[in-house]
Amino acid sequence: AIYSLLEKQPRRRRTVNLLGYFAPLQDDCEIYDILRGVGFTQINEISRCPDFAAYKAMSQANVNFILNPESRLAAQDMEKRLGIPSVELTRLYQVAQIHKQYSGTTVAIGEMQNGNAFEMALALTRYGFVIKEIYANLGPDDFVYLRHLAALSPDMEVYSNLSPSMLYYQGQDHPVDVTIGKDAAYYHEQAAHLHWDEDIQPFGYAGVISLLQGLERVLSERKHP
C-alpha cells in the first residue's frame, strides 16, 4: 500500500531503491558505499524521503533492493506496474555469508608474498572470496589446506611456478579481479595487484585486518583510478 501511489516514470540508470524497512539503515552501513562504488548516485529509502516529490521519484529507480522478505510483494508489484526489477539481499550475521552476498571477488594468489599461499587461500575462501588460482609449490604441510580447499572450492586450480609449461600460460584466458603476490601479478596484468611483500611483517588479527584493508584499497583504486 505504501508504494501504490507511485506512477510510472522514465527510469534513471544511477538510481536505486532500498525496500524492506520503515526506518532507515544505520548511517555507516557499508551498502551505501558499495552501491555508490558501482555507480549509483541516488539511493532512495522511504524513511529518508523529505517530501512527497522525493517519494514520487522512487518510481524512477533502475532497480529495487529487497532487504526484508516482507517487501517482496511490493517489489513484485513495482516490477509489474513500473517495470523496476529487483534483487534480494538478506540480513546476516555470518561474515563469510555477508561477503558472498555482496561480492564474490575473484582472486589469484602467488607464493611471493608474506604468507602461505594455500593457508591464505583457505582463509579468504571462508571470508567469501572466490580463489581461482594458486601459484605455488606444494610442501608437506600444505596438503591439510588443500583438502579443505578441494571441498570448499573444487574449481580452483594450482600451478607450479617452477614448471616450464608456465612459459605458455595466458592469464587473459583466466581473468580475476585481484592478485596477491608479485608472481600472481605477473600472470594477470589487467587485475588489481596487492604485492603483500613489505619488510614489516603482518601477524595475528592485525595481519588479517591489514590484508583485507589492502585488498579493499587496490580494488577501489582499480575502480576509481
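The values are calculated or read from the model by the stated rules, or taken from the named source; none is laboratory data. If you're wondering where the values come from, they're calculated on a predicted model, not measured in any experiment. Cβ sites come from the backbone with ideal geometry, for glycine too, and all protein chains shown count toward neighbours. Side chains are part of the model used for accessible areas, which takes the heavy atoms of the whole protein and leaves out ligands, DNA and RNA. Shrake-Rupley method; radii C 1.70, N 1.55, O 1.52, S 1.80 Å.
Of the residues making up segment 87-114, those that are open to solvent by less than 50 Å² (accessible area, probe 1.4 Å) and in contact with a strand residue (DSSP E or B) (Cβ under 8 Å, 6 or more places away or on another chain) are 89, 104, 105, 106, 107, 108, 109, 110, 113.
For residue 119, the test of being open to solvent by 10 Å² or more (accessible area, probe 1.4 Å), of a type outside the set (Ser, Thr, Tyr), without any contact (Cβ under 8 Å) to a residue 60 or more places away in the chain and within 26 Å of residue 216 (Cβ to Cβ) is passed. Filtering segment 79-105 to residues that are aliphatic (A, V, I, L, M), part of a helix (DSSP H, G or I) and over 18 Å from residue 33 (Cα atoms) leaves 82, 96.
For residue 58, the conditions (1) farther than 20 Å from residue 101 by Cβ; (2) surrounded by fewer than 18 Cβ atoms within 10 Å (Cβ to Cβ) are fulfilled apart from (2). Any idea which residue in segment 130-185 is surrounded by the fewest Cβ atoms within 10 Å (Cβ to Cβ), counting only those that are in a strand (DSSP E or B) and acidic (Asp, Glu)? Out of the qualifying residues, it is 157. Restricting the first member to segment 38-67 and to residues that are in contact (Cβ under 8 Å) with a residue 24 or more places away in the chain, and the second to residues that are open to solvent by 30 Å² or more (accessible area, probe 1.4 Å) and β-branched (Val, Ile, Thr), the beta-carbon pairs closer than 6 Å and six or more apart or on different chains are 65/87. Considering (1) in contact with a strand residue (DSSP E or B) (Cβ under 8 Å, 6 or more places away or on another chain); (2) assigned to a loop (DSSP other than H, G, I, E, B); (3) at pLDDT below 90, the lone condition that residue 225 does not fulfil carries the number (1).
Across segment 79-103, the qualifying residues are those that are at pLDDT 90 or above and either within 20 Å of residue 23 (Cβ to Cβ) or among the hydroxyl-bearing types (Ser, Thr, Tyr) (or both), and the one among them that is farthest from the chain's Cα centre (by Cα) is 86. When 110, 37 are checked against the criterion of being in contact with a Lys or Arg (Cβ under 9 Å, 6 or more places away or on another chain) and closer than 30 Å to residue 166 by Cβ, 110 stands alone in meeting it. Just one residue in the set 205, 169 is in contact with a Phe, Trp or Tyr (Cβ under 7 Å, 6 or more places away or on another chain) and more than 13 Å from residue 113 (Cα to Cα); that residue is 169. Criterion applied to 76, 26 was being part of a helix (DSSP H, G or I), open to solvent by 80 Å² or more (accessible area, probe 1.4 Å) and either more than 29 Å from residue 152 (Cβ to Cβ) or in contact (Cβ under 8 Å) with a residue 40 or more places away in the chain (or both), and the one residue passing it is 76. Would you please list the contacts, defined by Cβ atoms under 6 Å and residues six or more apart or on different chains, that run from a residue in segment 178-201 that is touching a residue at least 60 places away in the same chain (Cβ under 8 Å) and at positive phi to a residue that is surrounded by fewer than 21 Cβ atoms within 10 Å (Cβ to Cβ) and not in a helix (DSSP H, G or I)? Short answer, once both residue conditions are applied: 181/112; 196/114. Being at pLDDT 95 or above and under 11 Å from residue 107 (Cα atoms), is that true of even one residue in segment 133-145? Yes, there is a match, as at least one residue in segment 133-145 is at pLDDT 95 or above and under 11 Å from residue 107 (Cα atoms).
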